[in-house]
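Notes for the one structure printed next.
The values are calculated or read from the model by the stated rules, or taken from the named source; none is laboratory data. Note that the structure is predicted; figures quoted are calculated from it, not measured. Cβ placement follows ideal geometry from the backbone for every residue including glycine, while neighbour counts extend to all protein chains displayed.
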Amino acid sequence: MTLRVFSYGGGWQSNAALVLAAEGKLDYKCFLFCNVGDDSEDPLTLAYVRGHAMPYAAANGLDLIELRKTRRNGEPDTILEWLGRGKRSIPIPVRMANGAPGNRNCTATFKIKVVAGWAKAHGATAKNPATVGIGFTLDEIGRIGGDRPAPGTVKEYPLLDLRLRRWEIPEIIKRAGLPMPPKSACWFCPMHRESAWMTMRQERPELFQRACDLEAMLSERRDSLGKDHVFLTRFGKPLGEAIPDGVDPLFASDDAGACDSGWCFT
């Protein structure tokens, strides 16, 4: 029997898939939430997953399982701790001076491999791979193919099969009596849109300052290596300068790219 799981990120599409599964419209009983760290995930996402999605799943006979990457000693690892360990390369897609994103190893390490490891532990093999559902909607079809499936897994896109678009997602979530979830991502993710940074600065200034401090730490490390500074936005300047205080997010130029894997943002 083929193992079927859904890669749950905590955002709009993942929660719509959870509701559709509860309604019997999607063939998934197991949803896997890869928590990249309580210190790294957006606190709003963690609050939603634990306060709304998990109780809803349990009430509807679904398993919403929280997974964590672990170190060799068995202790849980986090992306923020990973960033602080002094590696020469930076595993999140920080922006170079020209605005181009750098390496992005965080998704593969903390999500894709973690799901694949869980699937292997539950019987998935190369000959009998687990099917992993990814929550792309029809308007995101261009994002397919950003990452190859991990060994022992194959991807499928059930919301595409239903021909759902992102603008249809709120109705699905709300009819289940659930509030709308926030966009799921690490609070310091360089793929945040400008409006998201503006909103964070206005509504969660302490978290915004933590992102500024993290960016400064990464650039200080680059100084010690004789390399150029890196940034959390595409604007080629420190976050506190790139996102001025008091600007309404409605005036953001949200033309930045988004994560191309779907494992983080759905």
Practice problem: Would you point out the residue of the range 172-229, among those that are among the charged types (D, E, K, R) and closer than 17 Å to Val36 by Cβ, that is modelled with the lowest pLDDT? | Solution: Lys183
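One line per residue, one yes/no per condition, for (1) under 26 Å from Met1 (Cβ atoms); (2) among the basic types (Lys, Arg); (3) out of contact with any Pro (no Cβ under 6 Å at 6 or more places or on another chain); (4) surrounded by 21 or more Cβ atoms within 10 Å (Cβ to Cβ):
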| site | (1), (2), (3), (4) |
| --- | --- |
| Arg72 | no, yes, yes, no |
| Val94 | no, no, no, yes |
| Thr107 | no, no, yes, yes |
| Ala116 | yes, no, yes, no |
| Asp139 | no, no, yes, no |
Quiz prompt | Where Val5 falls short, out of the listed (1) in contact with a Gly (Cβ under 9 Å, 6 or more places away or on another chain); (2) modelled with pLDDT under 95 | solution = (2)
Quiz item: Condition test on Val115, is it assigned to a strand (DSSP E or B), in contact (Cβ under 8 Å) with a residue 24 or more places away in the chain and in contact with a strand residue (DSSP E or B) (Cβ under 8 Å, 6 or more places away or on another chain)?
Solution: no
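What's the total number of residues in the range 154-212 that are hydrophobic (A, V, I, L, M, F, W, C) and touching a strand residue (DSSP E or B) at 6+ places or on another chain (Cβ under 6 Å)? Can you show your working first?
Step one: of the range 154-212, the residues hydrophobic (A, V, I, L, M, F, W, C) are 154, 159-160, 162, 164, 167, 169, 172-173, 176, 178, 180, 185-189, 191, 196-198, 200, 207-208, 211-212.
Those still in the list that are touching a strand residue (DSSP E or B) at 6+ places or on another chain (Cβ under 6 Å) too: 154.
Counting residues in the range 154-212 that are hydrophobic (A, V, I, L, M, F, W, C) and touching a strand residue (DSSP E or B) at 6+ places or on another chain (Cβ under 6 Å) gives 1.
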Exercise. Output the number of residues of the range 1-29 satisfying the condition of being over 14 Å from Glu171 (Cβ atoms) and either part of a loop (DSSP other than H, G, I, E, B) or not small (Gly, Ala, Ser) (or both).
Key: 16
Practice problem: Name the single residue, out of those in the range 190-208 being free of Cβ contacts under 8 Å to residues at least 12 places away in the same chain and part of a helix (DSSP H, G or I), that is nearest to Leu44 (Cα to Cα). | Solution: Glu203
Quiz item: Out of (1) over 26 Å from Ala121 (Cα atoms); (2) of a type outside the set (Asp, Glu); (3) over 17 Å from the mean Cα position of the chain (by Cα); (4) surrounded by 19 or more Cβ atoms within 10 Å (Cβ to Cβ), the odd one out for Arg85 is which?
Solution: (4)
Practice problem: Name the single residue, out of those in the range 232-253 being surrounded by fewer than 16 Cβ atoms within 10 Å (Cβ to Cβ), charged (D, E, K, R) and in a loop (DSSP other than H, G, I, E, B), that is modelled with the highest pLDDT. | Solution: Lys237
Exercise. Kindly indicate the residue of the range 209-231 that is outside any helix (DSSP H, G or I) and free of Cβ contacts under 8 Å to residues at least 40 places away in the same chain and also nearest to the chain's Cα centre (by Cα) among those meeting that condition.
Key: Lys227
Exercise. Kindly check whether there is at least one residue in the range 146-155 that is closer than 30 Å to Leu214 by Cβ and over 18 Å from the mean Cα position of the chain (by Cα).
Key: no
Quiz item: Before we move on, is Ala57 within 18 Å of Glu41 (Cα to Cα), modelled with pLDDT of 90 or more and surrounded by 13 or more Cβ atoms within 10 Å (Cβ to Cβ)?
Solution: no
